[in-house]
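**Q** Supplied in structure tokens, the structure appears directly below.
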Amino acid sequence: MSLEQCEKYTDSALRVGDADRYPQRVAGEFIGVVVSNDWVNKEYKHLVLKVHERALGTYAGQFFHLLCPTPDGAEVWMRRPMSVYRVDKKAGQLEFLYKCEGRGTRGMGMLAKGDEFNIAGPLGKGFKLDPAWKNIVVLGRGVGLATLAPLSQLAAEKKVGVTTILSARNPDVVMSKDLFESLGAKTVTVLDTDKSSDVANVSKIIEALIADKKADAFFTCGSSRLLKLMQQLGKKHGIPGQVAMEQIMVCGVGACYVCMRTFEIDGVKTLKRVCRDGPVFDMQTAVGW
Ligand code: FES
């Protein structure tokens, strides 16, 4: 298949988004063409797809629903939701960073250069940067850092300073450090191997950033423990925050209610659809996972 064929997309595009908070974006079903699909370490792969320009209108924190190939000959029934890792508008490419662990992502891991890949999106509501914020703190763990990575692009465009705290089991699985740094973010790596990822130490790092006036807002993904920490510090210092929720999905567009999660707003517990109402939510409303 030639790269030109990636310009084919369905006409059944739908408008998603909420005009008050985000620009309206047209979602559609696209055929991407694999440019590369390489291992970045023993667990994660980096997929680069040439896509139609309409798929490049993705906002940081939005996701695509991926029709993964089968890894073993048996059918893969459901699409897999995956947040976008990076958008390269100049090259017309969309990138995903993913852990090869389930049937969908193992099938995705078999994609080779030139293969077609069916993706639907962009879907959901992403991160938002308030114009008053000059410096933000991004805290993530594991593959959650891939979800947070587009914030580095968004912040660079809006000239917002970023400090990213990258939490990982060991140095081999630290994700997205290069991308954050290439876009001007300061990074701090904390690991399980030397216990620097302990909540008490991460709390100390964030408190120092607050004292240094480098924390106008918090962003997190990938760890319930780190979410709780940011919620506590946010409440204590009056700092707003956003969390990208990870959740199993089926339809990805708000129709099936499989992705419901509990949120607490003004003391009242309520259920929301992660695919349609999120996946990015006000940090203080999230009940955790
Ligand atoms: Fe169907 Fe969210 S996955 S409503």
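Each value in this text was obtained by applying a stated rule to the coordinates, not by laboratory testing. These numbers were taken from a predicted model, which means no experiment stands behind them. Methodologically, a virtual Cβ is constructed for each residue, glycine included, from the backbone with ideal geometry; neighbour enumeration extends over all protein chains shown.
**Q** For His237 and Leu271, what is the calculated FRET efficiency with R₀ set at 35 Å and r taken between the beta-carbons, to the nearest 0.05?
**A** On the way: r = 29 Å, r/R0 = 0.84.
The computed FRET efficiency comes out at 0.75.
**Q** Below 8 Å between Cα atoms, with a sequence gap of 6+, how large is the relative contact order for the chain in percent? Display every interim value, and only then the final one.
**A** Details: 661 pairs, mean separation 45.7, N = 289.
16 percent.
**Q** Need the list of lysines near Lys99 for cross-linking: C-alpha distance under 20 angstrom, and skip anything on the same chain fewer than eight residues off.
**A** The qualifying lysines are Lys42, Lys45, Lys113, Lys177.
**Q** Of Lys128/Lys236; Lys195/Lys228; Lys204/Lys235; Lys159/Lys236; Lys159/Lys235, which sit over 20 Å apart, Cα to Cα? Intermediate results must be reported in sequence, preceding the final value.
**A** Values: Lys128/Lys236 22 Å; Lys195/Lys228 18 Å; Lys204/Lys235 16 Å; Lys159/Lys236 27 Å; Lys159/Lys235 26 Å.
Flagged as over cut-off: Lys128/Lys236; Lys159/Lys236; Lys159/Lys235.
**Q** If you don't mind, another one. Would you calculate a helix-derived [θ] at 222 nm for the chain, using -39,500 (n - 2.57) for each DSSP H run of n ≥ 4 and dividing by the full residue count, to the nearest 500? Provide the component values of the computation, followed by the final result.
**A** Details: 7 runs with 56 residues, N = 289.
It comes out at -5000 deg cm²/dmol, rounded to the nearest 500.
**Q** Also, quick follow-up: In 5 Å bins starting at zero, report the fraction of Cα pairs in the chain per bin as a rounded %.
**A** Histogram of Cα-Cα distances, whole percents per bin: 1, 6, 12, 17, 19, 17, 13, 9, 4, 2, 0, 0.
**Q** Determine, for Trp39, Trp133, the number of other Cβ atoms within 10 Å of each Cβ, and report the residues in order from fewest to most. Display every interim value, and only then the final one.
**A** Details: Trp39 11, Trp133 17.
Least to most surrounded, the residues fall as Trp39, Trp133.
**Q** For each of Ile136, Ile119, Ile31, Ile248, count neighbouring Cβ atoms within 10 Å of the residue's Cβ, then give the residues from fewest to most.
**A** Details: Ile136 27, Ile119 24, Ile31 21, Ile248 10.
By the 10 Å Cβ count, ascending, the order reads Ile248, Ile31, Ile119, Ile136.
**Q** Could you tell me the largest-minus-smallest coordinate of the C-alpha atoms of the range 82-135 on each of the three principal axes, in descending order and whole angstroms?
**A** If we take the Cα atoms of the range 82-135, the spans are 44, 28, 20 Å.
**Q** With +1 on the Cβ of every Lys and Arg and -1 on the Cβ of every Asp and Glu, and nothing else charged, how large is the dipole of the chain about its Cα centre, in debye rounded to the nearest 20? If you can, show how the numbers build up before the last one.
**A** Numbers: 39 positive and 32 negative charges, 120 e Å.
So the dipole magnitude of the chain works out to roughly 580 debye.
**Q** Find which of Val190, Gly73, Ala286 sits farthest along the positive direction of the dipole of the chain, computed with +1 on the beta-carbon of Lys and Arg, -1 on that of Asp and Glu, about the Cα centre.
**A** Ala286
**Q** Sticking with this one: Starting from the 7 Å offset along Cα-to-Cβ, what nm value, one decimal, do you get for the label separation of Met110 and Lys228?
**A** 4.1 nm
**Q** Taking 0.36 nm per residue of sequence separation and subtracting the Cα-Cα distance, how much length would be gained by fully extending the chain between Lys195 and Met260, in nm to one decimal? List each step's numbers first, then the result.
**A** Numbers: separation 65, 0.36 × 65 = 23.40 nm, distance 3.40 nm.
Gain on stretching Lys195 to Met260: 20.0 nm.
**Q** Oh, and also: Tell me the label-point distance for the pair Val26, Asp72, using the 7 Å Cα-to-Cβ offset, in nm and rounded to one decimal.
**A** 4.1 nm
**Q** Something else about it: Just how far, in whole angstrom, is the range 131-165 from the range 33-67 if you go by their alpha carbon centroids?
**A** Rounded to whole Å, the Cα centres lie 19 Å apart.
**Q** With the Cα gyration tensor of the range 81-232 in hand, give its eigenvalues times 5 under a square root as the equivalent ellipsoid semi-axes, listed largest first in whole angstrom.
**A** So the equivalent ellipsoid measures 27, 20, 13 Å along its semi-axes.
**Q** Note the angle between two axes, namely the Cα long axis of helix 224-237 and the longest principal axis of the Cα atoms of the chain, as a number of degrees from 0 to 90, rounded to the nearest 10.
**A** Once rounded, one gets 50 degrees.
**Q** Order these by the 10 Å Cβ neighbour count, fewest first: Asp194, Asp266. Walk me through the intermediate numbers first.
**A** Numbers: Asp194 11, Asp266 6.
By the 10 Å Cβ count, ascending, the order reads Asp266, Asp194.
**Q** Quick one: angle between helix 199-211 and the longest Cα principal axis of the chain, in degrees between 0 and 90, rounded to 10, please.
**A** So the helix axis and the longest Cα principal axis differ by about 80 degrees.
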